[in-house]
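The values are calculated or read from the model by the stated rules, or taken from the named source; none is laboratory data. Quick caveat: nothing in here was measured; it's all calculated off a predicted structure. When we count neighbours, we look across all protein chains shown, and the Cβ atoms used for this are built from the backbone with ideal geometry, even at glycine. These accessible areas exclude ligands, DNA and RNA; they are computed on the full protein's heavy atoms, side chains included. Shrake-Rupley method; radii C 1.70, N 1.55, O 1.52, S 1.80 Å.
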Amino acid sequence: MIIAVDGPAASGKGTIARALAQHFALPYLDTGLLYRAVAANVTRLELDPAIEADAVAACDFDDSLLEDPLLRSDEIGSRASVVSAHPLVRAALFHRQKRFAYQEGGAVLDGRDIGTVIAPDANAKLFVRATPNIRAKRRHAELRERGSTLSLDRVLADIRARDLRDSTRSTAPLVPAHDAALLDTSFLSIEASVQRAIAIVDARIAR
Ligand code: CDP
């Protein structure tokens, strides 16, 4: 069984995807981390994330980088959204994600284009969303816990810029798959969001 979870930054998709993986005993891949690793590598190599050839050169990273807590910073998130708009970067990361999705027994993946590009025939697709203000508050609290001093306004501005870039790029833009179930977590607790997500997947696989 393949479960695709897509949605914008801080919508709750990562928490929901992890909980689904645990509930259905499936392996889980946070695909955003791959783009974040490219962004971190571009920075390490002192290359320009906006130049496609530079970003492609940074796609060959060591897997240990995926464990680095620095990948979770707001700045790397913004740069990830810049490198991820390049078609050749998406192509470089495509097979790795596809292999993970179609492994024996299935998987849960979260990202922006799982239901549309990576696993278009996933058994269950969720598109998780929440209002920009609520997402900014969540991300601000998360970043503060990690020691960031960014203001709420700055986090909101970064989220809006990233939403715009992710949803207007020509390759694999952030849009719900036509057969995705929409889950708005704006006014739901984590627990309630997870329960709804499990109910959606149960209903999809029962069909
Ligand atoms: O956790 P958050 O939603 O803030 O970010 P993320 O999922 O780690 O993704 C960081 C950036 O990578 C996003 O803004 C997207 O531009 C890009 N991304 C993508 O293009 N496709 C994916 N499947 C996952 C992430």
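Rounded to the nearest 0.05, the FRET efficiency derived from the C-beta distance between ASP163 and PHE61 at R0 = 30 Å is 0.70. Extending 7 Å from Cα along the Cβ direction at LEU88 and again at THR149 yields two label points whose distance is 4.0 nm. Site pair ASN133 and GLU46 shows an inter-label distance of 4.5 nm when each label is modelled 7 Å from Cα along Cα→Cβ. Net charge of the neighbourhood of PRO173, taken over other residues with C-beta under 9 Å away and scored Lys/Arg +1, Asp/Glu -1, is 0. The gain in end-to-end length when the THR171 to ASP68 segment is fully stretched comes to 34.3 nm, 0.36 nm per residue minus the alpha carbon separation.
Report the full-extension gain for the segment GLU191 to ASN123: residue separation times 0.36 nm, less the Cα-Cα distance, to one decimal in nm. Don't jump to the answer; show the numbers that get you there.
Numbers: separation 68, 0.36 × 68 = 24.48 nm, distance 2.28 nm.
In short, 22.2 nm is gained.
Taking only the Cα atoms of region 1-50, how large is their convex hull per residue, in Å³? All intermediate terms of the calculation are to be shown ahead of the outcome.
Working: hull volume 4.7 nm³, N = 50.
About 94 Å³ per residue, rounded to a whole number.
Counting protein heavy atoms only, the chain has 54 percent of its accessible area on carbon and sulfur, 1.4 angstrom probe. Rolling a 1.4 Å probe over the protein heavy atoms gives region 97-207 an accessible area of 54 Å² per residue. Shown here is the pair-distance distribution of region 2-201: with all Cα-Cα distances grouped in 5 Å bins from zero up to the longest one, the shares run 1, 8, 16, 20, 21, 18, 11, 4, 1, 0 percent. The residues GLU52, GLU104, GLU191, sorted by heavy-atom accessible surface at 1.4 Å with ligands and nucleic acids left out, run GLU104, GLU191, GLU52 from largest to smallest. Here the spin labels are modelled as points 7 Å beyond Cα on the Cα-Cβ line, and at TYR102 and ALA25 they lie 2.6 nm apart. For the residues ASP202, ASP62, a 1.4 Å probe over the protein chains yields an accessible-area ranking, largest first, of ASP62, ASP202.
If you take all other residues with their beta carbon under 10 Å from the beta carbon of LYS13, and give Lys and Arg +1 and Asp and Glu -1, the sum is 0.
Packing around the peptides 151-164, 25-38, 114-127, taken as the average count of other Cβ atoms within 10 Å per residue, puts them in this order, highest first: 114-127, 25-38, 151-164.
Build a GNM of the chain with springs between Cα atoms under 10 Å apart, and of ALA197, ALA50, ALA101 the one that fluctuates most is ALA50. Mind running the shape call on region 87-207? Use the C-alpha gyration tensor, a ≥ b ≥ c as the square roots of the eigenvalues: rounded below 1.5 for a/c, prolate if a/b tops b/c, oblate otherwise. Oblate shape, in that a/c is at least 1.5 and b/c is the bigger or equal ratio.
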